[in-house]
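The values are calculated or read from the model by the stated rules, or taken from the named source; none is laboratory data. Please read all numbers here as calculations on a predicted model, not as lab measurements. We place every Cβ from the backbone using ideal geometry, glycine too, and count neighbours over all the protein chains shown.
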Amino acid sequence: MDHSVSGSDIILHQSDFDLDETLDCGQAFRWKKTAEDTYEGYYLNTFLRISRADGRKDVFRLENTTEREFLDVWYNYLDLSTDYAELKRRFSEDEMMAKACAYAGGIRILRQDKWEALSSFIISQNNNIPRIKGIIGRLTEHYGGYPSLEQLKGETAENFGFLRAGFRAGYLEDAVRRLCSGELDLEKIAVMPLAEAQKQLMTIKGVGPKVAMCTLLFGMYRTEAFPVDVWMKRALERWYPNGLPECVKGYEGIAQQYLFHYIRNHPQEDKLEDKTVTVTV
């Protein structure tokens, strides 16, 4: 990774990074493609427009971004400190992982805020991506940005009626209540052993194993967290009935991203006919 300042922009030189594969793959729901090779989105309430610079493969322009903001926010959010080339080399010791890494080699983990990740994946349950983005859009519009727990303290499912989120409004209410009361603490959960952390998150109404693992992976950067939905169940049954290969140990969540993208886009090879992008639990 290398970067430079160009006027009010940051020019980022970064291999192993693709905007479509990273920003539009279902791990975050506040990014919108506004033009070819251009996205607009947020980390909490910090806005970014990012595009490929002059169509060059590994060069990106972060518009109206100070160097301080880049280093304080986007460097971490885009996981620029991680050597994905080395991870893919390691993963490719396994034949199936080699195919998956070669197919979508520009995927990176987005290191999101803990509360935003938890609440977003609560909203994502049995939902499709356009509707998830719509609900989160109404949430941020209503509160003038992504609301903090303090802003949501005391809100009820009825108060969340404007979201048109259905049963998920009750799940949000329960999450806010447990976190604001101190019954649960996301900072403490983030450093617990993985199984205990998942168990704690699953005490929230409606949070199952997959939502808990997504929160741990994307909101707490627990790279060993391995979310399993219907697509990953099929991948495991087909390729890894005896468990994941040793070469992904400690980074199962990153390996999951490559596998998820591959299996969804190869129905002819994997005998999968449904390519609807629906987030299931």
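Residue-level check: of (1) of a type in the set (Val, Ile, Thr); (2) buried (at least 20 other Cβ atoms within 10 Å of the Cβ); (3) closer than 25 Å to residue 234 by Cβ, residue 136 misses just (3). In the range 67-79, is there at least one residue being of a type in the set (S, T, N, Q) and buried (at least 17 other Cβ atoms within 10 Å of the Cβ)? No, the range 67-79 has no match at all.
Per the listing 175, 197, 225, 212, the residue uniquely part of a loop (DSSP other than H, G, I, E, B) and either within 20 Å of the chain's Cα centre (by Cα) or under 18 Å from residue 256 (Cα atoms) (or both) is 225.
Does residue 87 satisfy the condition of being assigned to a strand (DSSP E or B), modelled with pLDDT of 95 or more and surrounded by 17 or more Cβ atoms within 10 Å (Cβ to Cβ)? Against the criterion (assigned to a strand (DSSP E or B), modelled with pLDDT of 95 or more and surrounded by 17 or more Cβ atoms within 10 Å (Cβ to Cβ)), residue 87 does not qualify. Of all residues in the range 170-185, at least one satisfies being β-branched (Val, Ile, Thr) and modelled with pLDDT of 95 or more. Mind listing whichever residues of the range 99-125 are at pLDDT 95 or above, of a type in the set (A, V, I, L, M) and farther than 16 Å from residue 220 by Cβ? Once the filter is applied, which keeps residues that are at pLDDT 95 or above, of a type in the set (A, V, I, L, M) and farther than 16 Å from residue 220 by Cβ, the range 99-125 yields 100, 102, 107, 123. Here the condition is being under 17 Å from the mean Cα position of the chain (by Cα) and in contact (Cβ under 8 Å) with a residue 40 or more places away in the chain; of 61, 30, it holds for 30 alone. Scanning the range 178-192 for residues that are in a helix (DSSP H, G or I) and either of a type in the set (A, V, I, L, M) or exposed (fewer than 15 other Cβ atoms within 10 Å of the Cβ) (or both) turns up 179, 186, 187, 188, 189.
Looking only at residues of the range 241-252 that are in contact (Cβ under 8 Å) with a residue 40 or more places away in the chain and outside any helix (DSSP H, G or I), we find that the one that is farthest from the chain's Cα centre (by Cα) is 245.
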